[in-house]
1. Determine, from the Cβ-Cβ distance of SER69 and LYS101 and an R0 of 30 Å, the FRET efficiency 1/(1 + (r/R0)^6), rounded to the nearest 0.05.
2. Roughly how big is region 90-144's charge dipole about its Cα centre, with Cβ charges of +1 (Lys, Arg) and -1 (Asp, Glu), in debye to the nearest 20?
3. For region 10-77, what's the relative contact order in percent, using C-alpha pairs closer than 8 Å and at least 6 residues apart?
4. Need the full-extension length gain, LEU138 to THR122, defined as separation in residues times 0.36 nm minus the C-alpha distance. One decimal, nm.
5. Using the basic label-point model (7 angstrom from Cα toward the beta carbon), what is the HIS36 to GLU23 distance in nanometres?
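Derivation of every value follows stated rules applied to the coordinates shown; laboratory data play no part. What you see is a predicted model, and the numbers here were worked out from it, not measured in a lab. Reconstructed Cβ throughout: ideal geometry from the backbone, glycine too, with neighbour counts over all protein chains shown.
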Amino acid sequence: MHSGCGVMGPLEKVLERLPEAKELGPGRYLSPCPGHDDRHPSFKIREVSDGTVLLKCWAGCSAAHIVASIGLELKDLFPKTLDNRPPLKPYERWVVRDVIKAQADQSLMVVIAASAVAAGKTLSEEDNKLLIQAAKQLHAAAMELGYD
């Protein structure tokens, strides 16, 4: 997206370095991957609604490797401002799959600790610290979502 000031947006920055990129549709491109010797295009570029550019190499190159190979940094994939987007509500800052994964990990930790205590074992100081940290993280998530 051009900002109107002659400043290139993230998509333009990427595309100017990938002359072989072919447009697949609005904001979507296919190109040989600059991160490896790619004889058959295996690299997809996509611009999302806020101007962020997503990169996917089907051969497995990381986004960091790809942007470095074309002389950019990861920060170049994001618009300078997100002024065109309303501010995020507190609960929108959480990625659901990350929250569920964290809850699953923390729940497993609690079950293991409870089983050890039920078997008459004493938890180490480190285990106690981990359980307290897990409880704080779960509480912080609940508070951010508006629960007391």
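1. On the way: r = 31 Å, r/R0 = 1.02.
E(calc), rounded to 0.05, equals 0.45.
2. Details: 6 positive and 7 negative charges, 15 e Å.
Dipole magnitude for region 90-144 comes out near 80 debye.
3. Numbers: 100 pairs, mean separation 19.2, N = 68.
After rounding, I find 28 percent.
4. Values: separation 16, 0.36 × 16 = 5.76 nm, distance 2.36 nm.
The span from LEU138 to THR122 would gain 3.4 nm if fully extended.
5. 3.0
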